[in-house]
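Quick notes on the structure that follows.
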Amino acid sequence: MSIPAHDLQLSVEEYLRLEESSDVRHEYVSGRIFAMVGSTEAHNAIVVNLTIAIGSQIRGSGCRAFSTDMKLRVEATNSFYYPDVMVSCESYQAKAIFKQAPCLLIEVLSPSTIDIDRREKLLAYQNITSLNEYAIVYQEERRVELYKRRENEWTVTVHTGADSLVLTPAPGLELNVSLDEVYEGVL
């Protein structure tokens, strides 16, 4: 009898070993793993648009943009996630398989992940002391919820239509991304 993957209890080390050889990506939450499903063309296009827009603006800053395949470790919640877009100013390590100190995280909502992204991940991500901004991007309408931490207080603003996002994920780093760029070729 096989046990569904989400019912297994794994240590962090077991999870990381499993991920090395798995054809399917899994997120890890307190010892349990959850298989990641494939994404739609719209989801993927938005992730690529965001990665290009942000990546081009942070060149030479010492920070890097990552998308979908770089794991994020949230030690406070004993979790590993695969954010859609992540910016980290951590030092470059060629063999690193996860980051722990992002300054910006972005999740593009899918029907199957909306509750996780808006509740579980929001709460987990707010435990990351280096994180200054978290954006939730809708794929079926031009809407972005932008959570910003300033002096240990989180605020949220909603951007729609022809708005632009002004992101300041790290000191001296200001990024401007229009919703036209985010949704180019999608909406």
Of all residues in the range 134-187, which are over 15 Å from residue 87 (Cβ atoms) and of a type in the set (Ser, Thr, Tyr)?
-> 138, 155, 157, 160, 164, 178, 183
When both residues are 6+ apart or on different chains and their Cβ atoms are under 8 Å apart, which pairs have a first residue that lies in the range 26-49 and is within 11 Å of residue 185 (Cβ to Cβ), and a second that is among the polar types (S, T, N, Q)?
-> 42/139; 46/139; 48/67
Subset of the range 163-187 [surrounded by 16 or more Cβ atoms within 10 Å (Cβ to Cβ) and polar (S, T, N, Q)] = none
For the range 14-36, indicate whether the set of residues that are in a loop (DSSP other than H, G, I, E, B) and in contact with a strand residue (DSSP E or B) (Cβ under 6 Å, 6 or more places away or on another chain) is non-empty.
-> yes
Within the range 38-47, identify whether any single residue is in a loop (DSSP other than H, G, I, E, B), open to solvent by less than 50 Å² (accessible area, probe 1.4 Å) and in contact with an Asp or Glu (Cβ under 6 Å, 6 or more places away or on another chain), and answer yes or no.
-> no
Condition check for residue 25: surrounded by 14 or more Cβ atoms within 10 Å (Cβ to Cβ) and at pLDDT below 95 | yes
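The values are calculated or read from the model by the stated rules, or taken from the named source; none is laboratory data. Being a predicted model, the structure only gives us computed values, none of them experimental. In this analysis, Cβ positions are derived from the backbone assuming ideal geometry, glycine residues included, and neighbour counts consider all displayed protein chains. Only protein heavy atoms, including side chains, enter the accessible area calculation; ligands, DNA and RNA are left aside. Shrake-Rupley method; radii C 1.70, N 1.55, O 1.52, S 1.80 Å.
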